[in-house]
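Let me begin by handing over the structure; questions about it come next.
The values are calculated or read from the model by the stated rules, or taken from the named source; none is laboratory data. Keep in mind that this is a model prediction, so the values were computed, not measured. Every residue, glycine among them, receives a Cβ derived from its backbone with ideal geometry; neighbour counts consider all protein chains shown. Only protein heavy atoms, including side chains, enter the accessible area calculation; ligands, DNA and RNA are left aside. Shrake-Rupley method; radii C 1.70, N 1.55, O 1.52, S 1.80 Å.
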Amino acid sequence: MKRLVLGSLGTLLIATATTPVLASEIAANSTTSRNNIVEVQPFNLVYLAYQGYFADQGIPSNAGFISAVKTKRITAKDLVASAIARGRLSPETINDSSYLAHVKTQLSNLDND
């Protein structure tokens, strides 16, 4: 019985001593993650636009989005600029030709349907 009580007290002491350290690490990580931008993949960018996520930036949703893509009123650069404005992409992405090409491919897949 004494061993059980001593073991429990030891465990409680260790848990109590490490809690402030873990809490400060978690706080540091959450602060860092708020400053980082979660990069959205090209497919997801087009899908978000289709769902109306960028309506505040003048990108129509659903059938209006598909119509705008087919008539070339929306380009890959327009979508990337909208995502930058919403904080979904870093500003450097507007000059990333590879990323823009992937978005353009996704848009052309919509145009072909």
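Do you know which of the residues in region 92-108 that are without any contact (Cβ under 8 Å) to a residue 60 or more places away in the chain and closer than 21 Å to Lys70 by Cα is most open to solvent (accessible area, probe 1.4 Å)?
Lys104
What number of residues in region 69-90 are in a helix (DSSP H, G or I), more than 14 Å from the chain's Cα centre (by Cα) and either touching a residue at least 40 places away in the same chain (Cβ under 8 Å) or farther than 12 Å from Val46 by Cβ (or both)?
Of the residues in that region, 4 qualify.
Checking Ile59 against (1) at pLDDT 95 or above; (2) out of contact with any helix residue (DSSP H, G or I) (no Cβ under 9 Å at 6 or more places or on another chain), which test does it fail?
Of the numbered conditions (1) at pLDDT 95 or above; (2) out of contact with any helix residue (DSSP H, G or I) (no Cβ under 9 Å at 6 or more places or on another chain), the odd one out for Ile59 is (2).
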